[in-house]
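The values are calculated or read from the model by the stated rules, or taken from the named source; none is laboratory data. All figures in this text were calculated on a predicted structure; none of them were measured in a lab. Here Cβ is always computed from backbone atoms with ideal geometry, including for glycine, and neighbour counts include all displayed protein chains.
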Amino acid sequence: MNASRIALVTGANQGLGRALVEGLAARMGAGDLVLLTGRDARRVAEAATEVARLPTTRSQVLGRVLDVTDTDAIDRLAGELHQQYGGVDVVISNAVARVLPDESQSERADEFIDVSNTATHAILRSFGPVLRPGGRLLVVASSLGTLGHLDARLHPLFDGASLGQVEYAVESWRSAVHSRTSEEAGWPRWLNVPSKVAQVAAVRAVAAERRARDLADGTLIASVCPGMVDTATSRPWFSDFSQAQSPAEAARAVLDLVFAEGVDPALYGELVRFGKPLPWHDGAPLVEQDRMLRP
């Protein structure tokens, strides 16, 4: 990637997103720009100022308010960066809505799906076309994003699907949650599982259309699993955090993927964890988390 690179991270006020911004700002150059985005103006401004003052920061860091549930705002920002800079070099879609086990999954479904899935679709549609050759477009998912974590009845909705078909599947899931027919149709009660599978499927769909061109010019589109991260969002869901990483530790493998020379074809379009692709069809439906939840 050339000098004067432009990077953007969503959901970057805290946790993994903040660590990704810090890592980008430390590894990019003085002529480069990292945009730290979030939906709260005060928190965005404070976080950007704090990162800019770190002794490790080399590039310019700016805060930018971006509510990822506003798909028009995502499209406007992509257009603005294209017009002002000729495109963007790094986009990391990291925003997620926090849902706790004692909260109703059905009541929080719209917010969760809008932040995790509708936003992912919008970022792929808006930033894919303005990603410069040699760029990186990464969607933070998790190991739960492999197809096998869903009931086999749901696999045809995502396996080999186009982006439009993934969007339709997500909206069908949303409707089933609201009509209280989701479990009957095979959807898990825990929102995180179908959400992550859909994120990975959306990335696979876009990557399938661009693969030859992107590999020719060293561009990478992929979903990434940072591993277990000790954050306020994840801690309520797991009983054993002995192997959990700090956000800074978890960011390291993602950043290594950003700054790798060239693109490994085996990673293109895949769900990548610690530099290795996770097989799309692996996994098994989870029951422990579903047992914890309110409907």
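The set of residues from region 187-208 being modelled with pLDDT under 95, touching a Leu at 6+ places or on another chain (Cβ under 8 Å) and outside any helix (DSSP H, G or I) comprises Pro188, Arg189, Trp190.
Filtering region 232-281 to residues that are part of a loop (DSSP other than H, G, I, E, B), acidic (Asp, Glu) and modelled with pLDDT of 90 or more leaves Glu261, Asp264, Glu270. Listed by position, the helices (runs of 4 or more DSSP H) contained in region 1-109 that have at least 3 residues being at pLDDT below 95, aromatic (Phe, Trp, Tyr) and closer than 28 Å to Ala244 by Cα form an empty set. The set of residues in region 149-197 that are charged (D, E, K, R) and touching a Phe, Trp or Tyr at 6+ places or on another chain (Cβ under 9 Å) comprises Asp151, Asp159. Checked against (1) in a helix (DSSP H, G or I); (2) within 15 Å of Ala202 (Cα to Cα), Arg153 passes all but a single condition, namely (2).
Once region 265-289 is narrowed to residues that are among the charged types (D, E, K, R) and either in contact (Cβ under 8 Å) with a residue 24 or more places away in the chain or surrounded by 15 or more Cβ atoms within 10 Å (Cβ to Cβ) (or both), the residue that is nearest to Val139 (Cα to Cα) is Glu270. No other residue among Gly79, Gly63, Gly86 is on the phi > 0 side of the Ramachandran plot and more than 18 Å from the chain's Cα centre (by Cα) apart from Gly86. Restricting attention to region 219-228, which residues are under 17 Å from Gly275 (Cβ atoms) and either of a type outside the set (A, V, I, L, M) or modelled with pLDDT under 95 (or both)? Answer for region 219-228, where residues must be under 17 Å from Gly275 (Cβ atoms) and either of a type outside the set (A, V, I, L, M) or modelled with pLDDT under 95 (or both): Ser223, Cys225, Pro226, Gly227, Met228.
Check whether at least one residue in region 144-163 is under 16 Å from Tyr268 (Cα atoms), in contact with a strand residue (DSSP E or B) (Cβ under 9 Å, 6 or more places away or on another chain) and of a type outside the set (Gly, Ala, Ser), and report yes or no. Among the residues of region 144-163, at least one is under 16 Å from Tyr268 (Cα atoms), in contact with a strand residue (DSSP E or B) (Cβ under 9 Å, 6 or more places away or on another chain) and of a type outside the set (Gly, Ala, Ser), which makes the answer yes.
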